[in-house]
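Novice: My structure is below; once you've seen it, I'll send some questions.
Just so it is clear, none of the values below were taken in a lab; they were calculated from the coordinates. Remember, predicted model here, so these are calculated numbers, not experimental data. No Cβ is skipped: glycine too gets one built from the backbone with ideal geometry, and neighbour counts run over all protein chains shown.
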Amino acid sequence: MKLNIVLVNPEIPQNTGNIARTAAAIGAKLHLVHPLGFSISEKSVKRAGLDYWDKLEIEEHISFEKFLEKYDPEKTNMFFVTTKGKHVYTEPNYNEMDEVFVLFGRETKGLPEDILKKYLDKTIRIPMRETLRSLNLSNSVAIVVYDICRQKNFEGLEEISNYF
């Protein structure tokens, strides 16, 4: 399966660096949708991603509208992650999908509300206590994408430790 992690207008460079490292570890493609709240060349982004940048496929998009034109949500297995999601992230059967796009919004505002309303059936959420606003973006990405990998039996990933 081809897994695509899409960050729409990320604001915090360390989160993007951490997400890049996760994407590299599982072989996912990372999409960065501009405007970004930082320069992709900033030290903090590079430091958080460590030495994984050359092991990662990145595609940049000049706007969210251009991304949606290129990858039509009606024609792809696209999921919008939001605290307001209609479904829990574990509900979709990713195992039956050849390619999946998982979209995450900016740290302070999430994904645009009009898009969430338009594609309500494609919204997913991570369950949490009602009194809290949200999880950290890089943690949310890791939770969702590793469950997708789990459903695919961690296909292509090391399953047994070679340390002992």
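Novice: If the chain between residue 93 and residue 74 were fully stretched, how many nm would it gain, using 0.36 nm times the residue separation less the Cα-Cα distance?
Specialist: My answer for the length gained is 5.1 nm.
Novice: Something else: Using the Cα atoms of the chain, I'd like the radius of gyration and the largest Cα-Cα distance, Dmax, both in angstrom.
Specialist: My reading of the Cα-based Rg and Dmax gives 15.3, 52 Å.
Novice: Moving to a separate point now. Which of 2/66; 66/86; 55/122; 84/122; 55/84; 70/122 have a Cα-Cα distance over 23 Å?
Specialist: 66/86; 55/122; 55/84
Novice: Decide, for segment 1-43, between rounded, prolate and oblate: order the square roots of the alpha carbon gyration tensor eigenvalues as a ≥ b ≥ c, take rounded if a/c falls under 1.5, and otherwise choose prolate if a/b is larger than b/c, else oblate.
Specialist: oblate
Novice: Counting other Cβ atoms within 10 Å, which GluC sites (Glu not before Pro) in segment 53-101 have at most 16 and lie in a DSSP loop?
Specialist: 74
Novice: If you don't mind, another one. Going by how many other Cβ atoms sit within 10 Å of their own, how do 117, 122, 86 line up, fewest first?
Specialist: Going from sparsest to densest Cβ surroundings: 117, 86, 122.
Novice: Here's another thing I want to ask about it. State to the nearest 20 debye the size of the charge dipole of the chain about its Cα centre, where the only charges are +1 on K and R beta carbons and -1 on D and E beta carbons.
Specialist: Value, rounded to 20: 500 debye.
Novice: Convert each backbone phi in segment 91-97 into a coupling constant with the Karplus relation 6.51 cos²θ - 1.76 cosθ + 1.60 (shift: θ = phi - 60°), then list the ³J(HN,Hα) values in order as whole Hz, x for Gly and Pro.
Specialist: Karplus-based 3J(HN,Hα) across segment 91-97 equals 5, x, 8, 5, 4, 8, 10 Hz.
Novice: Based solely on its DSSP helices, what 222 nm [θ] is calculated for the chain when runs of n ≥ 4 H residues each add -39,500 (n - 2.57) and the sum is averaged over all residues, nearest 500 deg cm²/dmol?
Specialist: Computed ellipticity for the chain at 222 nm equals -8500 deg cm²/dmol.
Novice: What length, rounded to one decimal in nm, is gained on full extension from residue 152 through to residue 52, with 0.36 nm per residue of separation minus their alpha-carbon distance?
Specialist: Computed gain between residue 152 and residue 52 is 33.7 nm.
Novice: Right, something else. Report the antiparallel proportion of the DSSP beta bridges in segment 2-151 as a percent, rounded to a multiple of 5.
Specialist: Counting only bridges with both partners in segment 2-151, antiparallel ones make up about 5 percent.
Novice: I would also like to ask the following. Just to check I understand the Karplus step: with θ = phi - 60° and J = 6.51 cos²θ - 1.76 cosθ + 1.60, what whole-Hz values come out for segment 25-33, glycine and proline as x?
Specialist: So the Karplus estimates, Gly and Pro as x, are 5, 10, x, 8, 8, 9, 9, 10, 9 Hz.
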